[in-house]
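Every read-out reported here was derived from the displayed coordinates using simple, explicitly stated rules and does not represent laboratory data. Bear in mind the structure is a predicted one, so any value in this text is a computation, not a measurement. Cβ sites come from the backbone with ideal geometry, for glycine too, and all protein chains shown count toward neighbours.
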Amino acid sequence: MTAVLDVPVDPNVERRLAVQAAASSSLRRRKMGSVVAMGVCWLFLAIAIVPLVAVVVYVTSKGLSAWTTDFFTKSTTPEGVAGGGVWNAIVGTVVITTIATAVAVPLGLLCGLFLAESDGRAAQALRFTADVMTGIPSITVGIFGYIAIVRNFGYSGLAGSFAVGFIMLPVIIRAGETAFRGVPRSLNEAAMALGARRATIARRVVVPTALPGVITGVLLAIARGLGETAPLLLTIFGNQYLQWNPTKPMAALPTLIYSYSGQPYADLVQVAWGAALLLMAVVLVLSIGSRLLAAYLRKERR
Amino acid sequence: MTTVEMPVPRQARKRDRWSLPDNGYRGMLAVTAVAFVALAVWFLVAVILQAAPAFSTLGFGWIFGGVWNPSHGQYGLLPFIVGTLESTAIAVALAFPIGLGTAISLAFLVPARIRPYLSTAVELLAAVPSVVYGLWGLIVLAPIFRDTVEPVLTSVFGWTGLFNGPNNGPSLLLAGVILFIMILPTMVAISRDVLIVVPVEQVEGAMALGATRWQVLRKVVLPGARTGILGAFTLATGRALGETVAVAMVIGNSPYLAHSLKSSAATIPSLIVNNFPESTGTELSALFGAGLVLLVIGTLVNSAARWLVWSTGQENAGIGVGR
């Protein structure tokens, strides 16, 4: 057929056709590869969502059925005795976390201020220490609480506060530093130009301006402290009865969940679900609340 | 800087009454900072001192002993070190690809309207206490693993020898999977943060050249975010290494080297919580020593993570998310 016309083949046309063919096959191949890869990403998203949603849904449904008036108002009962709630554990968790927060927040924020205001050797050492401490396994903090407090003063809620506060500190320090560093230099300089002392600047300019970030950081640190289990297992001993006095052994929600989870009694496991839901709900409310509050404060300021 | 004494108007001085002079203020901050560092040093020294008796009675070799039997004076830590590393390895092997895929989806694929909600939800899940995951794993997931997952895995992958022995609920495999679910939000949240800060000009440039979405990701986004992702991965690893209660609840706690993924095992943290209440003397000191070993492993991993995240210049990416 080609021989009939005897027209010489234009090499440019031939080359162009070859390039087009190669390009379209490459495009097809690349598109196919892209579709497959994106499909894998979607699949992974699905795989990630299923267990996480399952945990939340399951804990909510199981926990809600455990939430009765008794659950919130009565103390735990010994195995085999029906009824009983977690009031003593709620009190313990609230007291332990409150003391830990009351000590860790001022200390942590002052360290954060120090980090934000200076860049010397000391600041570097502090920053390094805070960074390393963020990743310390919580069980070793429990060991520290045992060695430092329990060995000398016996098991107590305060020993638990000490350990939990120790875990919260680096979180607060880093959050504080980030928030304080975000304060515009011009504000600092304006205050200095007005002749304000550094302490005045900190109290009246830096801290108020950085407040949204500070509040977020503190609430997140509290949320983290509430769920810590391992350090409490080594420090508070647990208590079947209601105890408000932090110098005595106390009960707490996370340790209660831990010890009830392995029990063969269905009603104790039920109590554990209720406590798990309570803990999860409080932590989620704190996390969401911190975001909303920070967003609100930022808006207010503008 | 020289200080010039200026007469301060009465009113100004009154309003300023509460504040310290500059050097007093500086001093207060410095004292707090020193107190914090001192606390950290005290922590380290206290644990080392309390672990010292174990090292002096048993020698350094006790760490690598294979048998834990306190009533016979044997305190080998090897099964627990291996158990810690194995459960972490399972968790990380699952969390790395799945977490990265999820982060990519959240950063680029999910419709923009629901993206912020999904991302926030994932970040919130990072705050759920580990004991809740442990409870769910023990009561819900363990029976499913015993009756369904493990038999299926055995029939499919039995030839590898990884799934020998009876189907337990609580097992090394279950511990790894629970850890995976636990560290997943951390992995996703930090990876997403470093993925979205890759400059948009680079992405648009690649797209203008005709690159497909996957090519843009492979050649532009992932290389740019590589160190950050590595940092996220290492932080998640650190969390898995140090996790105590969730693992202690689902690993079955047997002080032997696991011979299959389905056998019970134990980790250093689970060893400590389980044996702590009734131990004294050398055993207690050995437990403190185990804590020290864990501390060394965990600190190494975490420092590596911090350094990696820092060296990408995205210093803030991990703050508040990493545990």
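Data table
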item	result
Expected-Rg normalisation [2.2 N^0.38 Å, Cα atoms] applied to region A:15-65	2.24
Calculated FRET value between A:Val36 and B:Val31, using beta carbons and R₀ = 41 Å, to 0.05	0.10
Sites A:Trp244 and B:Asn164, calculated FRET efficiency, Cβ-Cβ separation with R0 60 Å, nearest 0.05	0.70
In sequence order, calculated HN-Hα J values of region B:22-36 (Karplus, 6.51, -1.76, 1.60; Hz; x Gly/Pro)	3, 6, x, 4, 4, x, 4, 4, 5, 4, 4, 4, 5, 4, 5
DSSP loop GluC sites (Glu not before Pro) with at most 16 other Cβ within 10 Å: longest gap in chain B	B:6-277
Isotropically averaged projected area of region B:152-265, using the convex hull of Cα atoms (one quarter of hull area), nm²	9.5
GNM top mover of A:Thr76, A:Thr216, A:Thr129 - chain A, alpha-carbon springs below 10 Å	A:Thr129
Cα→Cβ-extended label distance, 7 Å offset, between B:Val140 and B:Asn69, nm	4.1
Most mobile of B:Leu174, B:Leu292, B:Leu49 in a GNM of chain B (Cα contacts under 10 Å)	B:Leu49
B:Leu85/A:Leu292 FRET efficiency (R0 60 Å; Cβ-Cβ; nearest 0.05)	0.90
Residues B:Ile114, A:Ile90, B:Ile297, sorted so that the one with the fewest Cβ neighbours within 10 Å comes first	B:Ile114, B:Ile297, A:Ile90
The protein assembly as shown - charge dipole about Cα centre, Lys and Arg +1 at Cβ, Asp and Glu -1, debye rounded to 20	1920
Extended-chain gain in nm, criterion 0.36 nm per residue less alpha-carbon gap, A:Arg29 and A:Thr69	8.1 nm
Dipole magnitude of region B:139-237 about its Cα centre (Cβ charges: Lys, Arg +1; Asp, Glu -1), debye to nearest 20	180
Mean Cβ count within 10 Å, highest first, over the residues of peptides A:199-211, B:259-271	B:259-271, A:199-211
5 angstrom amide H check on A:Thr235, placed H, neighbours 5+ away	none
In order through region B:233-238: 3J(HN,Hα) via Karplus (6.51 cos²θ - 1.76 cosθ + 1.60), integer Hz, x for Gly, Pro	4, 6, 4, 4, 4, x
Descending principal axes extents, the protein assembly as shown, alpha-carbon based, whole Å	108, 80, 56
Top positive-direction residue, dipole computed over region A:69-301 with Cβ charges, set A:Thr76, A:Gly238, A:Gly165	A:Gly165
Placed amide H near B:Gln74: partners under 5 Å, 5+ positions off or other chain	B:Asn69
Computed magnitude of the charge dipole of region A:69-301 (debye, nearest 20; Cβ of K, R +1, Cβ of D, E -1)	880
Cut-off under 5 Å, modelled amide H: who pairs with B:Thr267 long-range	none
29 Å tail of the calculated P(r), region A:69-301, as % of Cα pairs	37
Cα pair distances exceeding 34 angstrom across chain B, given as percent	41
Rounded to whole Å, sorted largest first: equivalent-ellipsoid semi-axes of region B:148-207, Cα gyration tensor	40, 16, 7
Pair A:Leu194, A:Arg301: separation of 7 Å Cα→Cβ label points (nm)	1.6
Rg/Rh ratio calculated on Cα atoms of region A:261-302 (Kirkwood radius)	1.39
Cα-based Rg / Dmax (Å) for region A:129-172	10.5, 31
log₁₀ of I(q)/I(0) at q = 0.18 Å⁻¹ - region A:111-234, Debye sum with one point per alpha carbon	-0.94
Eligible lysines near A:Lys248 by straight Cα distance, threshold 24 Å, same-chain separation 8 or greater	A:Lys74
